[in-house]
2 protein chains.
Amino acid sequence: MKALYFDGKLELREVPRPRPAAEEALIQIVLAGLCGTDREILKGYSKFRGILGHEFVGRVVECANKNWLGKRVVGEINVACGECEYCLWGLGRHCPRRTVVGIVNRDGVFAEYVALPIVNLHEVPPEIPDEEAVFVEPVAAAAEILEQMPFSHTRRTAVLGDGRLGLLVAQVLCDAGGEVTVIGKHAFKLEVARSLGLKVARAGEDNLSAASFTVVVEATGSPSGLAEALRLVEPRGTVVMKSTFRDLATFDTAKVVVDEITLLGSRCGNFSKALDLLRDGTVSVRPLISKTLPLEAGLEAFEYLNDPSCLKVLLSPLAPGGKAGPGK
Amino acid sequence: MKALYFDGKLELREVPRPRPAAEEALIQIVLAGLCGTDREILKGYSKFRGILGHEFVGRVVECANKNWLGKRVVGEINVACGECEYCLWGLGRHCPRRTVVGIVNRDGVFAEYVALPIVNLHEVPPEIPDEEAVFVEPVAAAAEILEQMPFSHTRRTAVLGDGRLGLLVAQVLCDAGGEVTVIGKHAFKLEVARSLGLKVARAGEDNLSAASFTVVVEATGSPSGLAEALRLVEPRGTVVMKSTFRDLATFDTAKVVVDEITLLGSRCGNFSKALDLLRDGTVSVRPLISKTLPLEAGLEAFEYLNDPSCLKVLLSPLAPGGKAGPGK
């Protein structure tokens, strides 16, 4: 099968189709999404080698459990051991022995097929089309914030970063009752945010006073975002850290101590909750799709990620020469 | 009066005795304590200029409100406006217009006298001798952690740093039910910790596994402490940041995000609570007193802070030529 393989250099390769283990399913990828983490991996983040990609929607084409055959599915990206302390607490996302699809020691979804444990799968309700279901992983990551901190008492919230993740986080927090402002650098992306009903501010241009937000979500994808988040947050406030990048960040810890700021790291979230948010239209994702390209144009898709007007790029292994069946 | 004055260089100076304003008291300093923050100020932290020092016990010698005259007191170090949003919430410690004794725009206590608002004063109960009362500010800072996070569910706690603050924090958290290990570099200080009934480990020598503590309190006073705290804390755990220093710290934010760590800045605390902890003997402070020197030996006291066996150094303006009365 074709796959976007990274071993220090990203290239389209012909690789063997994965063979699902006993408790796994073989999934034919219908759509996959590019994420900031994928780009960071190209820079060295997580030292990953293998097939990239972790956001997808697909169809089960092979599975020992016949109930799953033909099902349209999305898949949780953390593959846990199921036996350790974390797994027994239901925190498999933090299992120290886990692999992570397309990020840590497990091939990803920028390919025609992927093999995943069936415990990781969620069937996609028919009301959610493929173009929306492919967003379930980042929507879950956005909604994770609500599982980590109480949000009802929150007054002023800033989402720093007008990219893919920022616009999802802002919608989720807005729905949870926050007074949310998206702060970004890109006129086009802020316009998309505005069209989603979000309040926006232009970074560096609008008058954003220091200590003017109770909660600041750092979703810029850049090490410099943290300093600005710390500037914007008020004493006793919270900075939610969503960006993963390779470089170390430098910051003024005295500010954190003196103002008694909470920095809250936040990563993957609950897929069931995300499917609900997509089904009921709380989170609108279609305006975020900038381009859908065939898998063969994967390198071009990564190039396009650098375009200032780019939000989400999707890859379709089925297009254009597509129609890859299980027997291909 | 004599005072330890810092204006880029620390020196003993003769300065005018402060004149208390209408709502203030003039306090004769009996004992004052040196703290890591004082040393950081000498390196440039907070850009402070004036009389150093913020830990003290003293006696009221002048006050419009006669009820305070002659009272033995300690004083909260944040002098708030009393009118802003924070002050009205009872969070004067975060008032943006505040001055801070010996740290921000207000003369400190390494002097014969200090003037402070009477709202900042707490009378010291007779059961607490001066040598213990002078610890109320750092004990309050240690106890602040309990006001910021639930501690009952905490399983394994590390206090990183075997210095003055670390040994106070460890005692407070131990009393709150934590299974606390003090991790330090100094055999002598770890011996003091052991004599206080605390479990200890030698940094770098004892086998301290990664991700082995639910809570890690960073009290090393050094920018490098944060990286080790992040190494020791388990996924979904909390790193409490207690150190203030001038330098920026560099750290791996991806670790915070991926492991969903909470970093919690923690500073000043409640004096009433601290007086209770000292009165009922929960926190033992006498073993932490390394030396008591006259105010005139202030420079020597700061030198001595660099001694690896030094814990708390106290300054006494009354000794040895002492007996400074209000009319001196």
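The values are calculated or read from the model by the stated rules, or taken from the named source; none is laboratory data. What you see is a predicted model, and the numbers here were worked out from it, not measured in a lab. All Cβ positions, glycine included, derive from the backbone under ideal geometry; neighbour counts span all protein chains shown. These accessible areas exclude ligands, DNA and RNA; they are computed on the full protein's heavy atoms, side chains included. Shrake-Rupley method; radii C 1.70, N 1.55, O 1.52, S 1.80 Å.
Does region B:142-265 classify as rounded, prolate or oblate by the C-alpha gyration tensor (a ≥ b ≥ c root eigenvalues; a/c under 1.5 gives rounded; else a/b over b/c gives prolate, otherwise oblate)?
rounded
Provide the buried accessible surface between chains A and B in square angstrom, both chains summed, 1.4 Å probe, rounded to the nearest 100.
3400 Å²
Measuring label to label, 7 Å along Cα→Cβ, what does B:Ala64 give against each other copy in nm, shortest first?
8.4
Within a 10 angstrom radius of each residue's Cβ in A:92-99, how many Cβ atoms of other chains show up on average? Whole number is fine.
Rounded to a whole number, the mean comes out at 2.
Just in region A:189-268: which GluC sites (Glu not before Pro) are loop by DSSP and have at most 11 other Cβ atoms within 10 Å? Mind showing how you got there, number by number?
Numbers: sites: A:Glu191, A:Glu205, A:Glu218, A:Glu228, A:Glu260; in loops: A:Glu205, A:Glu260.
In loop regions of region A:189-268 (DSSP not H, G, I, E or B), the sparsely surrounded GluC sites (Glu not before Pro) are A:Glu205.
With +1 on the Cβ of every Lys and Arg and -1 on the Cβ of every Asp and Glu, and nothing else charged, how large is the dipole of chain B about its Cα centre, in debye rounded to the nearest 20?
380 debye
Give A:Lys43/B:Lys255; A:Lys2/A:Lys189; B:Lys71/B:Lys312 a once-over and call out the pairs whose C-alpha atoms are over 23 Å from each other.
Table pairs above 23 Å Cα-Cα are A:Lys2/A:Lys189; B:Lys71/B:Lys312.
When the dipole is taken about the Cα centre of region A:12-84, and only Lys, Arg (+1) and Asp, Glu (-1) are charged at their Cβ, what size is it in debye, to the nearest 20?
Taking the Cα centre of region A:12-84 as origin, the dipole is about 260 debye.
Quantify how strongly other chains surround peptide B:241-252 by giving the mean number of their Cβ atoms within 10 Å of each of its Cβ atoms.
Taking all residues of B:241-252 together, the mean is 5.
Roughly to the nearest percent, how much of the accessible area of chain A is carbon and sulfur, given a 1.4 Å probe?
Here carbon and sulfur together make up 50 percent of the probe-accessible area.
Does region B:75-141 come out rounded, prolate or oblate by the C-alpha gyration tensor, with a ≥ b ≥ c the root eigenvalues, rounded set by a/c under 1.5 and, if not, prolate when a/b is larger than b/c and oblate if not?
Prolate shape, in that a/c is at least 1.5 and a/b is the bigger ratio.
Specify the residue with the greatest mean-square fluctuation among A:Ala193, A:Ala219, A:Ala211, computed from a Gaussian network of chain A linking alpha-carbon atoms under 10 Å apart.
A:Ala211
Leaving out same-chain residues fewer than 8 places away, which aspartates and glutamates sit with a Cα under 15 Å from that of B:Lys47?
A:Asp252, B:Asp7, B:Asp38, B:Asp107, B:Asp247
If you take every residue apart from B:Asp7 with its C-beta less than 14 Å away from the C-beta of B:Asp7, what net charge results, scoring Lys and Arg +1 and Asp and Glu -1? Walk me through the intermediate numbers first.
Numbers: positive: B:Lys9, B:Arg13, B:Lys47, B:Arg49; negative: B:Glu11, B:Asp107.
With Lys, Arg at +1 and Asp, Glu at -1, the neighbours total +2.
Work through the residues other than A:Val79 whose Cβ is under 12 Å from its Cβ and net out their charges, Lys, Arg +1 and Asp, Glu -1.
Surrounding charge for A:Val79 is 0.
Can you tell me the 0 to 90 degree angle between the C-alpha axis of helix B:136-148 and the longest principal axis of chain B, rounded to 10?
40 degrees
How large are Rg and Dmax for the protein assembly as shown when only the alpha carbon atoms are used, in Å?
28.9, 100
About its Cα centre, what dipole magnitude does region A:142-265 give when the only charges are +1 on Lys and Arg Cβ and -1 on Asp and Glu Cβ, stated in debye to the nearest 20?
Dipole size: approximately 200 debye.
So what's the net charge close to A:Ile29: Lys and Arg +1, Asp and Glu -1, counting the other residues with Cβ under 11 Å from its Cβ?
Details: positive: A:Lys2, A:Arg59; negative: A:Glu55, A:Glu112, A:Asp130.
So the environment of A:Ile29 carries a net charge of -1.
Per residue, what accessible area does region A:67-176 have, given a 1.4 Å probe and all protein chains present, in Å²?
36 Å²
If the label for A:Leu248 sits 7 angstrom from Cα along the Cα-to-Cβ line, what are its distances to the same label in every other copy, in nm to one decimal, shortest first?
Once sorted, the set of distances for A:Leu248 reads 1.2 nm.
Say a label goes 7 Å from Cα toward Cβ at B:Ser222 in every copy; what distances in nm does this one have to the rest, shortest first?
3.4
Under 14 Å between alpha carbons, and skipping anything fewer than 8 positions from A:Lys273 in its own chain: which aspartates and glutamates qualify?
A:Glu76, A:Glu123, A:Glu137, A:Glu144, A:Glu147, A:Asp175
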